[in-house]
Amino acid sequence: MGFEQAWLSYQKRETCGVVKNIDRIYASLQNPVIRSGAEELQAAFAGIIGNEPVLYADSEYEPGEGTIRLLVKEGLKAEGYHLFEEKGEITVEAPDANGILYGVFELIRHLQLGKNLNGKDITKEPVMPLRMLNHWDNMDGSIERGYSGNSFFFEDNQILVNDRIVTYARLLASAGINATVINNVNVKDSATWLITDRYFEDLSRFSQILGDYGIKLFLSLNYAAPMELGELNSADPLDEKVKSWWKHKMEEVFRAVPNLGGFLIKADSEGRPGPFTYNRTHADGANMLAEAVEPYGGLIIWRCFVYNCRQDWRDRKTDRARSGYDNFIGLDGSFRDNVILQIKNGPMDFQVREPVHPLFGGLTRTNQMLEVQIAQEYTGQQRHVCYLIPMFKEVLAFRTYVKETDDTVADIVSGKTFQQTRCGMAAVANTGNDDNWTGHDLAAANLYGFGRLAFEPELTAEEIAAEWITLTYGTDETVKEELLFILMNSWPAYEKYTAPLGIGWMVNPNYHYGPNVDGYEYDRWGTYHRADHQGIGVDRSHSGTGYAALYREPNARIYNAPETCPEELLLFFHHMPYNYKLRSGKTILQYIYDTHFEGVELVDEMVSRFEKLKGKLPDQVYERAMERFLHQKKHSREWRDQINTYFYRKTGIPDDRGRTIY
Ligand code: GCU
């Protein structure tokens, strides 16, 4: 399969000012990351302006018009940059090579956006230290929850090292991403062997390519590796033999694979092995590994997605939403310095709407990272358009009240709240080997947007979307206006025509696609809506599971009462009668009917706006996306009708506007 250049297709554009005359670039070309930046500039100038500047070593530098200089210079925070123009000369100054690379991409964005650089003086520092992708790619080439083809990292249990990896690295770096985990968190079979000499050679070549673009390679680990690789009969973290096995293993891996950042671990979760087997805690498990990677500056990223996935639906006491908190809060302060806890944005599992995970604001003495999912597992699987940056913005802006100020999720995971440097944001990736990388062409906005958001969380979702549109499709105003409308309305639309008011799920089990209101109602996964003929929702107040009390005040109080609970989360926190009146004066039932009709109308509007772009977007892009839009049109009706019909049949109460419900 071929692959496209996404937002890095350097098409000829109208440019202005100083950039037209650039013909020399000076840089420390012996540094591979700076060299990547300098070569990227060459390619960008050649494509966008039609004139390829010549590269020179920095030792030959002579000031003057028509020059770009990439200069390593102390002053800013790690990976920051200072980009400025003076007398016809452009300078990118940064304290390290990654900063230079990010400054270069800022410069290139200016070219692509047709912005004038004359007199510009821009200083930026990344807000999140770690800006990471988590790929769920399996070594047989499949991708868990992958919606854009197969893996381009693995095939037939081999690692692929090719041009596509270079373009992948460029795409990530251009969005500011500096770390990536290439294998699935569910580590099985061959993937367990990634830390053995079976794969060292390929892994090392692969890792070097990423390293040339300032991206650290991470791997997901199998906690039971000491046993599965055939050597020990235990994985007990306090067993000396186990500890020493990992120490030797890590020494071997870090020696063989350059540019390795560390490991991601899913333990004691959904059937994966972990320290619970030995009556040890997650801190015991994580710390044992952290000690082993410490000498090499390695990090252990430990996931908090731990819950009982064998629940009885009859049991109303056990609450899956509590489990992450209950499993980890008691361990706060007991993790080593090079451990980071990775926490999903919400307490359940990437639903279209969830409250923020209560561990944010709960933990005060532990490094923390936010995990979001740009693979649209529960948000339309890249067949429906769903631009998720607005959702991530809400999560980041959430006030935890862990302190009086600097207490938002963004503050916590950027290290501001607790003065931490090992923290950041990870996204479960949405890429695959489809030509356009993300299946739905518009889903690339989530990939680009995630990186930009982690670098500069203060950017608005609109700014990021607008930037992505112009980088990818050029400066046509109609294209920008219509795509911006579509992207910005896509998450609200999806929320309207799927499960209502924060209750989530209602999808086909296992695949997580398409409506199935009771699909998970009598299952073992802890994901229930508890609808009967009078009402719906899960009581998580003090009279129910007590989940609401896991938040700090005033959040706990606000969530605890239906009158103050944000309405978009009402059914997440409370079991409510259908005739309960929302603030608008509408009953819950009427609200469900209305939003489902509205969601479909929004989709129709999105599609008719997209139709206006025929001839303005490349034909192939238009055709590919249109096919998905037409599916979304039909499928959103399926959602609307199944949900509305379900509630109509439960209650016998018709829509007060008499629209068709079956
Ligand atoms: C979800 C998803 C799984 C995945 C899990 C995880 O439950 O459906 O495929 O393994 O999340 O985050 O570990």
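Here, each number is a calculation from the coordinates, and none is a lab measurement. Computed from a predicted structure; not experimentally measured. No Cβ is skipped: glycine too gets one built from the backbone with ideal geometry, and neighbour counts run over all protein chains shown.
Laid out as a table, the results:
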{"read-out": "Order by protection proxy (mean Cβ within 10 Å, highest first), peptides 570-577, 25-32, 175-182, 617-624", "value": "175-182, 570-577, 25-32, 617-624"}
{"read-out": "Mean Cα-pair separation over length for the chain, i.e. relative contact order, pairs under 8 Å, 6 or more apart, %", "value": "12"}
{"read-out": "Under 5 Å, built H, 5+ apart or other chain: amide partners of Leu341", "value": "Trp302, Asn367, Gln368, Met369"}
{"read-out": "Phi-based couplings in Hz for the stretch 405-418 (Karplus 6.51, -1.76, 1.60; Gly and Pro marked x)", "value": "10, 6, 10, 6, 4, 4, 4, 5, 7, 8, x, 5, 4, 10"}
{"read-out": "Lysines whose Cα lies under 26 Å from that of Lys317, excluding same-chain neighbours fewer than 8 positions away", "value": "Lys266, Lys344, Lys650"}
{"read-out": "Kirkwood-based shape ratio for the stretch 166-262, expressed as Rg/Rh from alpha carbons", "value": "1.02"}
{"read-out": "Packing rank of 410-417, 581-588, where each peptide gets the mean count of other beta carbons within 10 Å, highest leading", "value": "410-417, 581-588"}
{"read-out": "Karplus (6.51, -1.76, 1.60) ³J(HN,Hα), θ = phi - 60°, over the stretch 364-377, in Hz, Gly and Pro reported as x", "value": "10, 10, 9, 5, 9, 10, 8, 10, 10, 10, 8, 5, 8, 3"}
{"read-out": "Cα-only radius of gyration and Dmax that characterise the stretch 149-201, units Å", "value": "12.4, 34"}
{"read-out": "Structure-based [θ]222 nm, the chain - -39500 (n - 2.57) summed over DSSP H runs of at least 4, per residue, nearest 500", "value": "-11000 deg cm²/dmol"}
{"read-out": "Antiparallel content of DSSP bridges confined to the chain, in %, to 5", "value": "25"}
{"read-out": "Per-residue HN-Hα couplings for the stretch 517-527 [Karplus 6.51, -1.76, 1.60; θ = phi - 60°; Hz; x = Gly/Pro]", "value": "4, 9, x, 10, 6, 10, 9, 9, 8, x, 10"}
{"read-out": "Charge dipole (debye, nearest 20) of the stretch 130-460; +1 at Cβ of Lys and Arg, -1 at Cβ of Asp and Glu", "value": "640"}
{"read-out": "Spacing of the two label points (7 Å from each Cα toward its C-beta) at Asp284 and Asn579, in nm", "value": "5.6"}
{"read-out": "Under the Debye formula (equal points on every Cα, no solvent term), log10 I(q)/I(0) of the stretch 410-510 at q = 0.13, 0.14, 0.19 Å⁻¹", "value": "-0.65, -0.74, -1.11"}
{"read-out": "FRET efficiency, Lys115 to Arg164 (Cβ-Cβ, R0 41 Å, nearest 0.05)", "value": "0.85"}
{"read-out": "Contact order normalised by residue count of the stretch 130-460, Cα under 8 Å, 6+ apart, percent", "value": "19"}
{"read-out": "Dipole of the chain, positive direction: furthest Cα of Gly424, Val607, Val293, with charges on the beta-carbon", "value": "Val607"}
{"read-out": "Environment charge at Cys565 (Cβ cut-off 15 Å; Lys +1, Arg +1, Asp -1, Glu -1)", "value": "-1"}
{"read-out": "The stretch 478-500 and the stretch 33-89: distance between their alpha carbon centers, rounded to Å", "value": "38"}
{"read-out": "Kirkwood Rh, angstrom, the stretch 6-124 [1 / mean 1/r, Cα pairs]", "value": "13.8"}
{"read-out": "The stretch 130-460: projected area of the alpha-carbon convex hull, averaged over directions, in nm²", "value": "16.2"}
{"read-out": "Among the listed pairs Lys20/Lys616; Lys480/Lys616; Lys216/Lys241, those beyond 18 Å (Cα-Cα)", "value": "Lys20/Lys616; Lys216/Lys241"}
{"read-out": "Computed P(r) (all Cα pairs; the chain; 20 Å bins; percent)", "value": "18, 51, 28, 3, 0"}
